[in-house]
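Engineer: What follows is a structure written as structure tokens; I'll ask about it next.
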Amino acid sequence: MQQKFVFPGDILVTADKDKDCKEGHGTYMDTIIQKNKVSTVVKSSVCGVTEATDKKMTVNVKHWKNRGYVIPKEGDTVLLKVTSIDMTSCKGEIIALCQSGKDLVLNATSIDKNHKMYGMIKKLNVRELDTDSVEIWKCFRPNDIVKAQIISLFHNYYHLTTAKEYLGVVMANSVFGHKMQPISWNSMQCPITKTIESRKVAKI
Amino acid sequence: MATSLSESGLREDGRRPHEVRRVECKLCVFPHADGSAEFRLGATHVIATVFGPRQASTKAARVNEDGATITCRVQSCEFSQSDHRQANKFRRRDRLLGDLIAQTFQCAVMTNLYAKSSIDICIEILTNDGDINSAAINAACLALINAGICMKDYVVACSAGFIAKSTRSLKQTNKTGAKTDHIMFSGLQGIVDLNQQEKNLSKHSSYSSTNISEGNESGLEMCNGIVTVAMMPNSGEIVTLEMQSVLPLSQMEKLLSFAKKGINSIHTQMAAAVKKHSFMLLERKGFIGS
């Protein structure tokens, strides 16, 4: 199928009895009545260029803005860039999102420049055990990249948790600006200055 | 009384009955918005901007797992109308129009794709020369297409109404000697895309309907309604139907067929504008050879 320019509502493929068709991105299924016959068709829902199709007759319509529209759900894993910390919580921007059972979606669309999504890790959700003695400043610092899981959506912030072995800081810079390496579950070391800083480190 | 349709069958502004005013569409007029469009219908001038899908601002919308919430805010400029009213931010008519547009696009946009988010449409009416309802809907449709939001189809709106074919007032003298006005008219003509003058005329004739002599066809005197129809032109589904006055059922179908004609001609021009804009973008991005 050659590339074609389509508008919303244009019919892309008509399904026959022997041919099966499936909707892809930017398309939807609909039934129309043509010559007193009800037939299933795939219609375009955005205006753009049709993409190559496979044997199952999947049609994708690519819009130039090409936005993936990912909406975080409970249980999804996200990467949080910490922007501020205080005594009780750590706040930041969500920079990437991995929906359960799917690949990592970087620069998810809802996470574009105009509409940022924010996450918050409360003191109680930093680790599983010994939650009372958690000190936020010993676990996260601004500019850290933290792998976390979404608990719920509250007001403008997504509530996140790092209370799992595999969740926590994945990337951090030392005070001297070098990328640190993890040495234990609660500390990271700068490879050049050899200083040790405490973090809640993720096991990767 | 002014004649609404000339002897040769032309309207006051020189259009034929089934002719719409000059349509002018422009996409992407505000680069900071996700999608924007400018729509002119004759002198009527509307600008629409779309923000979203983005995280909803109200909690009710944010927990809505089934789909996106569409909100619409309409603002008409003080200078948009012939009567300069005092600035009132929450004018009733604007709010009603906002609700109408939001409802229209709630069924046209595939909201199930954008759960927990909101799509905000902002409409600015710069000049009101009649038929702002349909101009606003058309502008919003273009802005949504420009934003790349999945829609089932175009949503195109147009208004239609009836005006008297030719009216003449005759001064007649009764047996008693008192002079009375008699308005002669030879039936009604359906017209599409009413401008402000025709709209007022249509309203005016509804008042004078009591004067119309009884000899004419009964039922006709009620036929001065205006309807605004929003339709998906490809599938022919009616999305919104707004009536501004009482109309007999027999005339409804006639009026709808008139509106459909108007919608089709507006649709072709809107589609051409979208195509032109898209090709320009595609060329710039290098998808197609220059």
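Engineer: Hey, which aspartates and glutamates would be in cross-link range of A:K179, C-alpha to C-alpha under 14 Å, not counting anything within fewer than 8 residues on its own chain?
Structural biologist: Partners found: A:D144, A:E197.
Engineer: Please rank B:M252, B:M232, fewest neighbouring Cβ atoms within 10 Å first, as an exposure proxy.
Structural biologist: B:M252, B:M232
Engineer: B:K261: which aspartates and glutamates have alpha carbons under 15 Å from its alpha carbon, excluding same-chain residues fewer than 8 sequence positions away?
Structural biologist: B:E19, B:D193, B:E237, B:E253
Engineer: Quantify how strongly other chains surround peptide B:144-155 by giving the mean number of their Cβ atoms within 10 Å of each of its Cβ atoms.
Structural biologist: Counting other chains' Cβ atoms within 10 Å and averaging over B:144-155 gives 6.
Engineer: Then there is this: Where does each of A:128-136, B:101-109, B:13-21, B:36-44 land if you order them by average Cβ count within 10 Å, highest first? Before the final figure, lay out the partial values.
Structural biologist: Details: A:128-136: 11.1, B:101-109: 21.2, B:13-21: 15.9, B:36-44: 23.2.
The densest-packed peptide leads the list: B:36-44, B:101-109, B:13-21, A:128-136.
Engineer: Using label points projected 7 Å from each Cα along Cα→Cβ, tell me how many nm separate B:L281 and B:H32, to one decimal.
Structural biologist: A separation of 2.0 nm, rounded to one decimal place.
Engineer: Evaluate the charge dipole of segment B:20-76 about its Cα centre and quote only its size in Debye, nearest 20, assuming +1 on the Cβ of each Lys and Arg and -1 on the Cβ of each Asp and Glu.
Structural biologist: Its charge dipole is roughly 200 debye.
Engineer: What list do you get for B:R92, B:R62, B:R73 if you sort them by fewest beta carbons within 10 Å? Present the calculation step by step, with values, prior to reporting the outcome.
Structural biologist: Values: B:R92 8, B:R62 19, B:R73 16.
Taking fewest neighbouring Cβ atoms as first place, the list is B:R92, B:R73, B:R62.
Engineer: Could you pull out the pairs from A:K123/A:K194; A:K4/B:K254; A:K91/B:K26; A:K4/B:K116 whose alpha carbons sit more than 31 Å apart here?
Structural biologist: Those over the limit are A:K4/B:K254; A:K91/B:K26; A:K4/B:K116.
Engineer: Setting aside same-chain residues fewer than 8 positions from A:K22, which aspartates and glutamates have a Cα under 14 Å from its Cα?
Structural biologist: Within reach: A:D30, A:E51, A:D54.
Engineer: Normalised by the number of residues in segment A:156-195, what is the relative contact order in percent for Cα pairs under 8 Å and 6+ residues apart?
Structural biologist: Rounded, it is 24 percent for segment A:156-195.
Engineer: Over all residues in A:38-50, what is the mean tally of Cβ atoms on other chains that come within 10 Å of each residue's Cβ?
Structural biologist: So the per-residue partner count for this stretch is 3.
Engineer: Give me a single rounded figure for B:52-59: the average over its residues of other chain Cβ atoms within 10 Å of their Cβ.
Structural biologist: The shielding value for this peptide is 4.
Since every read-out is calculated from the coordinates, none of them should be taken as a lab result. Computed from a predicted model, the values in this text were never measured in an experiment. Positions of Cβ are backbone-derived with ideal geometry, glycine not excepted, and every protein chain shown enters the neighbour counts.
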